[in-house]
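Comments concern the structure below.
Quick note: the coordinates plus some simple rules give every number you see, no bench work behind them. Everything numeric here is computed off the predicted structure, so don't read it as measured data. Every residue, glycine among them, receives a Cβ derived from its backbone with ideal geometry; neighbour counts consider all protein chains shown.
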Amino acid sequence: MTSTTLTPRSRAKSDYLNLTLWTFQGWIAMFFIAAGYAKLTESMENLTVLMHWPAMASVNFVRGLGVVEMVLALMVLSPLVSWRFGRPLLLTASVGLLALQTIMLILHAMELNVGLALTNLFLIAITAPVLWFRRH
């Protein structure tokens, strides 16, 4: 039976990576809880002013997307409760959010909405490492 021991340097590197990933997970959760809450509570007129695409979607779709965003955001934080059961939820949520962010990036880029497209690029840039490094 072999055991692995971490050197102080590799242990510190691992600790920094873990802290960075938890920071990203917190940012992702805060963003999507807020975005989902806005989709559930704001009027469609306000949402259309903030983001143009709600004008092309039904109210039920926008509200449903808000619920999905909030559920996925909570799943990103599920390892706080239990790593054993939360990790698969985290990985599932990361895949779902990456798919959603990619679709929204394409939509915002087609509308030439640079600000929202850059927001989606940032969200992809912090969600992809969470999925990549937490999958082990």
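Assorted remarks:
- Packing-based ranking, highest mean first, of 31-41, 17-27, 66-76 given that Cβ atoms within 10 Å are counted: 66-76, 31-41, 17-27
- Between HIS136 and ALA34, the distance separating the two model label sites (each 7 Å from Cα on the Cα→Cβ line) works out to 3.2 nm.
- Potential lengthening between VAL67 and GLU45 on full extension [0.36 nm per residue; Cα-Cα distance subtracted]: 6.0 nm
- Cβ-Cβ FRET estimate between MET56 and LEU80, R0 fixed at 30 Å, reported to 0.05: 0.25
- Per-residue HN-Hα couplings for region 122-136 [Karplus 6.51, -1.76, 1.60; θ = phi - 60°; Hz; x = Gly/Pro]: 4, 5, 5, 5, 9, 7, 4, x, 4, 4, 5, 7, 8, 6, 7
- Where a label projected 7 Å from the Cα of TRP22 along Cα→Cβ would reach, residues of region 114-136 with amide N under 17 Å: 130-131, 133-135
- Working from Cα pairs under 8 Å separated by at least six residues, relative contact order for the chain is 23 percent.
- Residue-count net charge about LEU91 - beta-carbon cut-off 9 Å; Lys, Arg +1, Asp, Glu -1: +3
- For the chain, the fraction of alpha-carbon pairs lying more than 26 Å apart is 31 percent, rounded to a whole number.
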